[in-house]
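The values are calculated or read from the model by the stated rules, or taken from the named source; none is laboratory data. In this text, all values refer to a predicted model and were calculated from it rather than measured experimentally. Neighbour counts are summed over all protein chains in view; Cβ atoms, including those assigned to glycine, are modelled from backbone coordinates with ideal geometry.
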Amino acid sequence: MTAPIGVASIWGFAMVGVDAVPVRVEAHARNGLPGVTIVGLPGAAVREAGERIRSGAASTGLALPARRITINLSPGDVHKEGPGFDLPVALATLAACGHIPVECVRDVGAVGEVSLGGVVRPTRGVVSAAESAGRIGVRLVITAVEGLPAAAEVSTAPVAGVRSLAEAVLAVKDSRYRDRVIERGIRWLNRRRAVPAAGAAEDVDLADVVGQETAKRALEIVAAGGHHLLMFGSPGAGKTMLARRLPGILPPLTREEAVDVTRAWSAAGLQGVQTGLAKERPFRAPHHTASRAALIGGGVALRPGEISLAHRGVLFLDELPEFSRDALEALRQPLEEGRVVISRRMGTAVFPAVCTLVAAMNPCPCGYLGHTEKVCRCSGAALERYKSRVSGPLLDRIDALIEIPPLTLTALERTVEGETSALVRDRVSGAREFRLHRENHQVDQVRAPLEERNGLTEEARRLLRDALVRDSLSGRAYVRTVRLARTIADLDGAPSVRMDHVAEALALRLDQRRVGLF
């Protein structure tokens, strides 16, 4: 007697950048030479899913019959990468082979890796997959229990966190078991929400920094306006210490921003186990040996780079000239547009990159050029090579360039405590709220000239234009100076940008010719 042909389908998800594209996973079981064939532009990890699910199903007690099984991943023009297709392929295959009624998986979405022992493991992109599942109207999302917190926060569909393939099968077959699993996840999430999260930013405080009042003021302005900053000074002056305290004076993440951050980290496979949505703004400090792909993203699977992992937070590049010229030049467009666009033969991926860049560099290779107490021993040629590694176009995209002087004995002996991060954060949040209120009342000035749109007084305009002629500012530098002055005015709660605001903005753009960067 000929066995009936079984066809079943379920929803899986392919990562394209930080977004998840719904993929219809169709399984067809028929008589023939036993084996599993996967078609539809699968990557190497997806092609290997056949062997993993066969062993995983056998370990679960749901051995696959001796049939020819074909898996189709539709649409066929989207490249599918990673082991996240193991779970949907396994459930569709089990349904096609009669272990699960086919109607039970038809409107289900799944993402997860299946081990040879039938254990379901979390994979990258579960947050984007859960969002996408809610948009296409699936009735249930199944993922590894470790991915439940973040997935349940963003999905409009119920999410079941399972530990094994056997639990996943029960979740789609038995409605009472499914309800218990979903309810268990909801109770767990509610307990987590009731416990305040410990803030990583509380570990460091701006009050810990001795002296450097000018640099602290620059950090406050940078935080209020989302500007980019380059700190220039000798080793030990406090550049890294200052940079690490910038996230602590940024406003708390909104829910939308938390989802953005979590989505980027999940797409990179770095989202921690059972952490839910991000609670703190990210701070990324890659080593200067990082490659171009590590900084902006790329690779075979097109994963986000450090600038995208710093989305809504801070990207700190210490020892800026030590990074490769190719890697630094690749940052120019993302810093300007707030996103990274990577095109490959298999398609184009877009990664978010709205972050604050903070860079630090020494004045010379030895670090003591211009130091009041130590002598620089660098040759003229070595100095030129060192500074030429940072190009003019990259510097032009940095809003503020300040010098961090060496600490003096007087500063170290000072007993007066500085302002805390919490106090500065309140002013930064106030400035951002003031800007939002101001922009909401300036909708009719969207196409007005830059100076008029930002409310520069006549005296401020004259000072800015004098600087344009005297310092030969580029058009981009001119625009960034205006925006810097506008942020300073927002911190003051001033509707107009006055001459003193422009003067402070110009002071924050250290004469790059004086320090030899051009």
Where SER234 falls short, out of the listed (1) closer than 20 Å to PHE351 by Cβ; (2) of a type in the set (Gly, Ala, Ser); (3) in contact (Cβ under 8 Å) with a residue 40 or more places away in the chain: (1)
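Are any of the residues in segment 125-141 closer than 29 Å to GLY17 by Cα, assigned by TED's automatic domain parsing to the domain that holds VAL18, among the hydroxyl-bearing types (Ser, Thr, Tyr) and crowded, with 24+ Cβ neighbours inside 10 Å? Please lay out each step first, then the result.
Narrowing segment 125-141 to residues closer than 29 Å to GLY17 by Cα: 125-141.
Still in the list and also assigned by TED's automatic domain parsing to the domain that holds VAL18: 125-141.
Checking which are among the hydroxyl-bearing types (Ser, Thr, Tyr) leaves us with 128, 132.
Going one step further and asking which of them are crowded, with 24+ Cβ neighbours inside 10 Å, we end up with 128, 132.
Looking for residues that are closer than 29 Å to GLY17 by Cα, assigned by TED's automatic domain parsing to the domain that holds VAL18, among the hydroxyl-bearing types (Ser, Thr, Tyr) and crowded, with 24+ Cβ neighbours inside 10 Å, one finds at least one in segment 125-141, hence yes.
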Selection within segment 110-149 - within 16 Å of VAL181 (Cα to Cα) and not polar (S, T, N, Q): ALA110, VAL120, ARG139, LEU140, VAL141, ILE142, ALA144, VAL145, GLU146, GLY147, LEU148, PRO149
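Picking from VAL36, VAL18, which residue would you name as being assigned by TED's automatic domain parsing to the domain that holds CYS97, closer than 17 Å to GLY347 by Cα, buried (at least 20 other Cβ atoms within 10 Å of the Cβ) and of a type in the set (Val, Ile, Thr)? Quick ask: steps written out before the conclusion?
Values: VAL36 fails: closer than 17 Å to GLY347 by Cα.
Criteria check complete, one pass: VAL18.
Assess whether GLY117 counts as being of a type outside the set (D, E, K, R), out of contact with any Cys (no Cβ under 7 Å at 6 or more places or on another chain), touching a residue at least 60 places away in the same chain (Cβ under 8 Å) and more than 13 Å from GLY6 (Cβ to Cβ). Even if it seems obvious, please write down each step before you answer.
Details: of a type outside the set (D, E, K, R): yes; out of contact with any Cys (no Cβ under 7 Å at 6 or more places or on another chain): yes; touching a residue at least 60 places away in the same chain (Cβ under 8 Å): yes; more than 13 Å from GLY6 (Cβ to Cβ): yes.
Here the answer is yes, as GLY117 does meet what is asked.
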Of the criteria (1) farther than 16 Å from LEU309 by Cα; (2) among the aliphatic types (A, V, I, L, M); (3) at pLDDT 90 or above, which one ALA264 fails: (1)
Any hit, segment 121-134, residues being basic (Lys, Arg), part of a loop (DSSP other than H, G, I, E, B) and within 23 Å of the chain's Cα centre (by Cα): yes
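Can you confirm whether segment 86-107 contains a residue that is closer than 29 Å to VAL300 by Cβ and in contact with a Pro (Cβ under 7 Å, 6 or more places away or on another chain)? Break it down stepwise before answering.
Taking segment 86-107 as the starting set, the residues that turn out to be closer than 29 Å to VAL300 by Cβ are 86-93.
With in contact with a Pro (Cβ under 7 Å, 6 or more places away or on another chain) added as a condition, the list becomes none.
No, every residue in segment 86-107 fails to be closer than 29 Å to VAL300 by Cβ and in contact with a Pro (Cβ under 7 Å, 6 or more places away or on another chain).
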Test for MET241: is it outside any helix (DSSP H, G or I) and modelled with pLDDT of 90 or more: no
Contacts under 9 angstrom Cβ, first residue in segment 99-110 being over 17 Å from GLY137 (Cβ atoms), partner of a type in the set (A, V, I, L, M, F, W, C) and assigned to a loop (DSSP other than H, G, I, E, B), 6 or more apart: HIS99/LEU62; HIS99/LEU64; ILE100/LEU62
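Please specify each residue of segment 156-183 satisfying the condition of being at pLDDT below 90 and either in contact with an Asp or Glu (Cβ under 8 Å, 6 or more places away or on another chain) or among the aromatic types (Phe, Trp, Tyr) (or both).
So in segment 156-183, the residues at pLDDT below 90 come out as 174-183.
TYR177, VAL181 - these are the residues of segment 156-183 that are at pLDDT below 90 and either in contact with an Asp or Glu (Cβ under 8 Å, 6 or more places away or on another chain) or among the aromatic types (Phe, Trp, Tyr) (or both).
Quick one: which helices (runs of 4 or more DSSP H) lie wholly within segment 272-361 and hold at least 1 residues that are in contact with a Phe, Trp or Tyr (Cβ under 6 Å, 6 or more places away or on another chain)?
306-309
Here are ALA310, ALA301, ALA294, ALA290: which of them is under 15 Å from the mean Cα position of the chain (by Cα) and either polar (S, T, N, Q) or surrounded by fewer than 20 Cβ atoms within 10 Å (Cβ to Cβ) (or both)? Outline the logic, then answer.
Working: ALA310 fails: either polar (S, T, N, Q) or surrounded by fewer than 20 Cβ atoms within 10 Å (Cβ to Cβ) (or both); ALA301 fails: under 15 Å from the mean Cα position of the chain (by Cα); ALA290 fails: under 15 Å from the mean Cα position of the chain (by Cα).
When all the criteria are applied, what remains is ALA294.
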Checking PRO495 against (1) in a helix (DSSP H, G or I); (2) at pLDDT 85 or above; (3) farther than 26 Å from SER388 by Cβ; (4) not charged (D, E, K, R), the condition it does not meet: (1)
Only listed residue being of a type in the set (S, T, N, Q) and closer than 24 Å to LEU320 by Cβ, chosen from THR214, THR254: THR214
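Residues that are at pLDDT 90 or above and touching a helix residue (DSSP H, G or I) at 6+ places or on another chain (Cβ under 7 Å): find the strands (runs of 3 or more DSSP E) completely inside segment 1-70 holding 3 or more of those.
Per the criteria, 6-16, 19-30.
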One residue from ARG425, ARG385, ARG345 being over 30 Å from ASP260 (Cβ atoms) and not assigned by TED's automatic domain parsing to the domain that holds LEU508: ARG385
Counted residues, segment 227-269 - those being more than 15 Å from the chain's Cα centre (by Cα) and farther than 23 Å from ASP203 by Cβ: 7
Criterion violated by ALA359 - all others in (1) of a type in the set (A, V, I, L, M, F, W, C); (2) free of Cβ contacts under 8 Å to residues at least 60 places away in the same chain; (3) crowded, with 24+ Cβ neighbours inside 10 Å satisfied: (2)
